[in-house]
Amino acid sequence: MKVLFVGDIVGKPGRSILAEELSHIKEEHEIDTVIVNGENAAGGRGITAAIAEELFSYGIDAITMGNHTWDQKELVSYIDKEPRIIRPLNYPPGTPGQGSYIYECKNIPIGVMNLSGRVYLDALDCPFRAAEKEIERLKRETNIILVDFHGEATSEKQAMAWFLDGKVTAVLGTHTHVQTNDARILPMGTAMIADVGMTGPRDSILGRDVKSVVERFLTHMPTRFGVAEGVRQLNAVILDIDHKTGNCLSISYKNVIKE
Ligand SMILES: [Fe+2]
Ligand SMILES: [Fe+2]
């Protein structure tokens, strides 16, 4: 079973490179299923119903989110109608939507979970304990569990990967928009990477317009961060999974740069 996991999609540049490249990538690497982080898909801020539909139409099976989940107000009511959009599991009880989702690919159930870190992010419930409890529940239905751990600190993300080694198929970091060079398989068969990176404008600061971000650092005055334009990048990883054990056999980088 081969999974493509795509790092944070930023605005139209991110969506357009995905639209143009996804079918080639799927064919070239014999990808069975695609999961993307979509927390920045709508102009860098959250996701709308229309944009989620657009992404699903490209052949994406699940969309994970992060700290930008509620940037587009319409998602608050839409998320309960669309289980393929997964928000962080460790939000307070009663939060709309779900923190995990199980779907079938080639008659094999696949579980996807989204978690938020707490280092330099909101003080949510403990992601480690929340994950442990949810894995117990998901394991009754599937042995393939893919975790998107949305966090700022590489230490917290590596800690989660080691904590879940042998319990899940992969712990894939998102949020920093900068791909890390630590992708590997841990001793008990769990794949990990601290950050998958970003799918959006390359000549940018985390996907945003360079001039306005530099201006903010220089002046500390409020500035609007628009999505940058120009050359685009797609950052992703490919997982090869043994569906009988749920272990990951390999994790490799898949990056594309395009005018
Ligand atoms: Fe992001
Ligand atoms: Fe984020």
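None of the figures in this text is laboratory data; all of them are computed from the coordinates on show. These figures come from a predicted structure and were not determined experimentally. We place every Cβ from the backbone using ideal geometry, glycine too, and count neighbours over all the protein chains shown.
A few notes on this one:
- Our estimate of slack between E136 and V178, defined as 0.36 nm per intervening residue step minus the Cα-Cα distance, is 12.0 nm.
- Overall form of region 6-95 per C-alpha gyration tensor (a/c, 1.5; a/b vs b/c): prolate
- What the Kirkwood sum gives for the chain is a hydrodynamic radius of 18.0 Å, with every pair of different alpha carbons counted.
- Within straight-line reach of K2, meaning a Cα separation under 18 Å, sit the following aspartates and glutamates at least 8 residues removed in sequence or on another chain: E21, E27, E28, E30, D32, D61, E104, D148, D240, D242.
- For I86, the residues whose modelled amide H falls within less than 5 Å of its own, excluding neighbours fewer than 5 places apart on the same chain, are I63, T64, M65.
- Taking every DSSP beta bridge that has both ends in the chain, the antiparallel portion is near 50%.
- Over region 2-258, relative contact order from alpha-carbon pairs under 8 Å, at least 6 apart, %: 19 percent
- Potential lengthening between D122 and N107 on full extension [0.36 nm per residue; Cα-Cα distance subtracted]: 1.7 nm
- Residue-wise HN-Hα coupling along region 30-39, computed from phi with Karplus coefficients 6.51, -1.76, 1.60 (Hz; x: Gly, Pro): 6, 6, 8, 8, 10, 10, 10, 8, x, 5
- Simple point charges give the picture: +1 on the Cβ of Lys and Arg, -1 on the Cβ of Asp and Glu, and for the chain a dipole about the Cα centre of about 300 debye.
- Placing pseudo-labels 7 Å out from each Cα toward the beta carbon at L218 and E259 gives an inter-label distance of 3.1 nm.
- Backbone phi angles across region 3-9, fed through the Karplus curve with coefficients 6.51, -1.76 and 1.60 (θ = phi - 60°), yield HN-Hα couplings of 10, 9, 10, 9, x, 2, 8 Hz in residue order; Gly and Pro are listed as x.
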